[in-house]
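> Here you go, one structure.
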Amino acid sequence: MDNRVVEFIHGLRAAGVRVSVAESQDALRAMSVLGVYNKTLFRESLRATLVKEVDDFAAFNELFPLYFGSGGPPLQNAMEDMTPDEQDMLKAALSALSGRWQQLLDWLTSGEGPTKEELEEMARRAGAQWAQNPQEAKWITRRMLRQLGFSQLEELMQQLMAQLQAMGMSQEAINKLMGVVEANRDALAEQIAQQVGRQVGEQLAEQRERRPEGLYGPDLMHKPFEALSEEEANLLRKEVQRLVAQLRSRAALRRKRGADGKFDAKSTIRANQRYAGIPFELRFKKQKLKPSLVLICDVSNSMRAAVEFMLRLVYELQDQISRARSFAFYGDLTEITVAMDTSRVEQAIENARDAIPGGPWRTDLGNSLETFFKKHLDAVDGRTTVIILGDGRNSWNSPRADLVQDLQRRAKRLIWLNPEPPRQWGTGDSDMLLYEPFCDRVFPARNLAQLSAAIDKLLTNN
Amino acid sequence: MFTDINDVLQRFSQQRYIATEEIATVIYLAQSLGKPVLAEGPAGVGKTELAKVWAKALGRPLIRLQCYEGLDESKALYEWEYAKQMLYTQLLRDSIGEIVGAASSLADAARRLSQEEDVFFSENFLLPRPLLTALTAPEPVVLLIDEIDRADVEFEAFLLEVLSDFQVSIPELGTINAVHEPMVLLTSNNTRELSEALKRRCLFLYVNYPGLSTEVEIVRLKVPDLRPELAQQAVEIVQQLRNLDLRKIPSISETLDWARALVTLNAGSIDAAVLRNTITVLLKYEADVAKARRMMGDGGRARPEY
């Protein structure tokens, strides 16, 4: 049983759930306390010890039955209750039907299913070893069932029934036989599904271990967003978590040190009243160092990846920011703060794109800024840092640099994050050179490393 | 101590808390493995209540540490009682004079005094805060660390020692070990991601909004004056509201408030008028109220029968 649990943990890891060695130990200890006889308790004890993230519950729920399923109900032997005559008849009928699907019929009638090795071999033939993600298990199962002849089964059963009738078996016996065979069919399908699921899980776990280290390395941080493959982007999304932890502790430390700012006489006198006014405890004015942000993001195709990572970083860092409102623009601008509350950033960006009023699907910052001034100017005051994330390519629309200037005047500061290298600014439809004079800072944001460096500066040099 | 999971369920229900089997399992495991529980879930589903009930069911005192931004060791763990220390130095001036009096030089006096300084940094002058109280309590306690997600990340790191070894290090005194290992419950509303290290040390419990029948049961238990069919109807409406895209989803405590409001208003049934007058008990934002009214008006299932 311990082995099974360990295999299960491997499977969880393959599905992307983080399980530490300490947690595996907890799971085994929990198992020894609660036993394994009550399956729901067992399941809950495993979940409480292994999965610490609500988002990972789905993976757990999917994998658990594959590893701790009953293995499917056992197959029954159809011949058991039969008279010797009937048994002979069945055997004769089966051999008369002998063809490609003989094997399947044997399994279904004899109650002796395939051995573990046979199942493994069949799963391999169905392509289990090529699986790239756990979702493929279902597809492989279907393929395996088809290879075994499940799709022809209905027809075969009809033939078998006709054969038996012709041989003179009683209708009652035939019905009973069919019942058993049907139950066996479901049981076998269940067994196969579990086997495939497990095999795919193990396969993925192995693949993960073999994956070259370089893929996780720092290079990915420096790879431009637009050059990321889907897999690399996924890896990077996970990396964001670690990055955020770093940024957070740096920011928190600086904030703490920054906190001993000005001496606060009033509070010190109050605090030291109980020591007869002798100043034992000194009090300092806490400086409000958490920035309040307004993000204006270009969500056109060229900017998607950069925006996604930006929003990811900002929303992971919510506790270091006193207030953040986000706006997305394309042809026009819309607020996406509320939409961002969901945990799925990709989905939120998708929603944002849907929320943007129709019209020409061409980037138009000028028009978008006008909308911002009309509807959302309350978001900006003297304490706000405005961040515009965009490439400044306006599809030849009016740039309205005057609005950017006005924005800078109203805000504490205006920062522009541009994923394009400076030598491309001003080429083609880029209006970046027009905007640049009105920005307090322009940071390059071509890859995650640059993006996080920019955010680090934001959080600390306030 | 609980003897098994059914015992947990039974004693919790004696305390008028309806625990799911999942909650009972995790509580029992926490006791048998001696690990803290991290309860996560939306606000108002009874996470804090769980700790209170846990303490009551075991007949143990509950010690609560409410987390907030800027919470630090001196507020969570211990503080030196400066005032008491000062008072003692004043009162003991004579005896100090005796010790120092015989000294031949300033250096000698300082040396003599330093031999006695342990007196002033002893447990007599230690002002224990919730964590230290929980560890040094003469009887076993239940420790509730509420809304850990509000505390800073450094505080989370500081908690690790307490949670994994049930001990704390005080520079002047050394390491203090727990007299009895407390049962620990941490709650989080998930406003930010907690650190891996903290999660690793805890058993994880996700408390979600209860299903229809459980919530009806809770309402019947807590507001027994509400007629059963009315309770059923009220809970159905709340559960439907939860499916809407609201800014603040009504929690169990709001359901209970509403149920009490219905009792107070002596409502015979939940019709449009009653709903209009009382919906603000459930929903706290104007936009949400408007949305809910639209839903009711659409002839959805929640349309009251009248």
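> I'd like to verify a number: residues in the stretch B:9-28 that are over 15 Å from B:LYS52 (Cβ atoms), assigned to a helix (DSSP H, G or I) and out of contact with any strand residue (DSSP E or B) (no Cβ under 6 Å at 6 or more places or on another chain), how many?
7
> Among the residues of the stretch B:208-222, which ones are open to solvent by 10 Å² or more (accessible area, probe 1.4 Å) and either hydrophobic (A, V, I, L, M, F, W, C) or closer than 19 Å to B:GLU21 by Cβ (or both)?
B:ASN208, B:TYR209, B:PRO210, B:GLY211, B:LEU212, B:SER213, B:THR214, B:VAL216, B:GLU217, B:ILE218, B:LEU221
> Go through the stretch A:107-125 and report how many residues are small (Gly, Ala, Ser) and either assigned to a helix (DSSP H, G or I) or not assigned by TED's automatic domain parsing to the domain that holds A:GLN165 (or both).
Summing the residues that are small (Gly, Ala, Ser) and either assigned to a helix (DSSP H, G or I) or not assigned by TED's automatic domain parsing to the domain that holds A:GLN165 (or both) in the stretch A:107-125 gives 2.
> So which of A:ARG383, A:ARG413, A:ARG393 is of a type outside the set (Val, Ile, Thr), in contact with a Lys or Arg (Cβ under 9 Å, 6 or more places away or on another chain) and touching a residue at least 40 places away in the same chain (Cβ under 8 Å)?
One residue alone meets the criteria, A:ARG383.
> Something else now. Let me confirm something: among B:ALA134, B:ALA157, B:ALA151, B:ALA178, which residue is within 15 Å of the chain's Cα centre (by Cα) and more than 30 Å from B:ASP257 (Cβ to Cβ)?
Answer to the selection: B:ALA134.
> I need a count of the residues in the stretch B:71-93 that are surrounded by 14 or more Cβ atoms within 10 Å (Cβ to Cβ) and either of a type in the set (Val, Ile, Thr) or under 14 Å from B:ALA151 (Cβ atoms) (or both).
Summing the residues that are surrounded by 14 or more Cβ atoms within 10 Å (Cβ to Cβ) and either of a type in the set (Val, Ile, Thr) or under 14 Å from B:ALA151 (Cβ atoms) (or both) in the stretch B:71-93 gives 5.
> Mind listing just one residue for me: the one in the stretch B:5-26 that is within 9 Å of another protein chain (Cβ to nearest Cβ) and not aliphatic (A, V, I, L, M) and, of those, most open to solvent (accessible area, probe 1.4 Å)?
B:GLU21
> Restricting attention to the stretch A:108-121, does a residue exist that is over 36 Å from the mean Cα position of the chain (by Cα), surrounded by fewer than 17 Cβ atoms within 10 Å (Cβ to Cβ) and over 26 Å from A:ALA193 (Cβ atoms)?
Scanning the stretch A:108-121 turns up no residue that is over 36 Å from the mean Cα position of the chain (by Cα), surrounded by fewer than 17 Cβ atoms within 10 Å (Cβ to Cβ) and over 26 Å from A:ALA193 (Cβ atoms).
> So, B:VAL235, is that one at pLDDT 90 or above, within 22 Å of B:GLN14 (Cα to Cα) and out of contact with any His (no Cβ under 6 Å at 6 or more places or on another chain) or not?
Considered against the rule, which asks whether it is at pLDDT 90 or above, within 22 Å of B:GLN14 (Cα to Cα) and out of contact with any His (no Cβ under 6 Å at 6 or more places or on another chain), B:VAL235 comes out as no.
> Is at least one residue of the stretch B:243-252 more than 14 Å from chain A (Cβ to nearest Cβ), more than 23 Å from B:GLU286 (Cβ to Cβ) and loosely packed, with under 15 Cβ neighbours inside 10 Å?
No, the stretch B:243-252 contains no residue that is more than 14 Å from chain A (Cβ to nearest Cβ), more than 23 Å from B:GLU286 (Cβ to Cβ) and loosely packed, with under 15 Cβ neighbours inside 10 Å.
> Please work out if B:ASP225 is farther than 20 Å from B:TYR17 by Cα, in a loop (DSSP other than H, G, I, E, B), open to solvent by 40 Å² or more (accessible area, probe 1.4 Å) and outside the structural domain of B:SER32 (by TED's automatic domain parsing).
no
> Let me ask something additional. Which of the helices (runs of 4 or more DSSP H) contained wholly in the stretch A:3-106 include at least 1 residues that are without any contact (Cβ under 8 Å) to a residue 12 or more places away in the chain and either buried (at least 17 other Cβ atoms within 10 Å of the Cβ) or within 11 Å of chain B (Cβ to nearest Cβ) (or both)?
Fully inside the stretch A:3-106 and qualifying: A:21-34, A:39-50, A:57-68.
To keep it simple, each residue is scored yes or no on (1) in contact with a Lys or Arg (Cβ under 6 Å, 6 or more places away or on another chain); (2) among the aromatic types (Phe, Trp, Tyr); (3) touching a residue at least 12 places away in the same chain (Cβ under 8 Å); (4) under 30 Å from A:ALA92 (Cα atoms).
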position	(1), (2), (3), (4)
A:GLU136	no, no, yes, no
A:THR141	no, no, yes, no
A:LEU156	no, no, yes, yes
A:GLN159	no, no, yes, yes
A:GLY168	no, no, yes, yes
A:GLN171	no, no, no, yes
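> Another question, if that's okay. Of all the residues that make up the stretch B:29-57, how many are within 18 Å of the chain's Cα centre (by Cα), of a type in the set (Gly, Ala, Ser) and not in a helix (DSSP H, G or I)?
5
Every residue, every condition in (1) touching a Gly at 6+ places or on another chain (Cβ under 7 Å); (2) on the phi > 0 side of the Ramachandran plot; (3) buried (at least 18 other Cβ atoms within 10 Å of the Cβ); (4) in contact (Cβ under 8 Å) with a residue 60 or more places away in the chain, yes or no:
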{"site": "A:PRO399", "(1), (2), (3), (4)": "yes, no, yes, no"}
{"site": "A:LEU417", "(1), (2), (3), (4)": "no, no, yes, yes"}
{"site": "A:GLN424", "(1), (2), (3), (4)": "no, no, no, no"}
{"site": "A:SER430", "(1), (2), (3), (4)": "yes, no, yes, no"}
{"site": "A:LEU433", "(1), (2), (3), (4)": "yes, no, no, no"}
{"site": "A:LEU458", "(1), (2), (3), (4)": "no, no, yes, yes"}
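> Which members of the stretch B:27-50 meet the condition of being within 18 Å of B:ARG201 (Cα to Cα), open to solvent by less than 10 Å² (accessible area, probe 1.4 Å) and small (Gly, Ala, Ser)?
Selection gives B:ALA30, B:ALA39.
> Can you pull out every residue in the stretch A:405-442 that is out of contact with any helix residue (DSSP H, G or I) (no Cβ under 9 Å at 6 or more places or on another chain) and β-branched (Val, Ile, Thr)?
Passing the criteria: only A:THR427.
The values are calculated or read from the model by the stated rules, or taken from the named source; none is laboratory data. Because the structure is predicted, anything quoted here is derived from the model rather than measured. Note that we place each Cβ from the backbone using ideal geometry, even for glycine, and neighbour counts take in every protein chain shown. Accessible surface areas use protein heavy atoms only, side chains included; no ligands, DNA or RNA. Shrake-Rupley method; radii C 1.70, N 1.55, O 1.52, S 1.80 Å.
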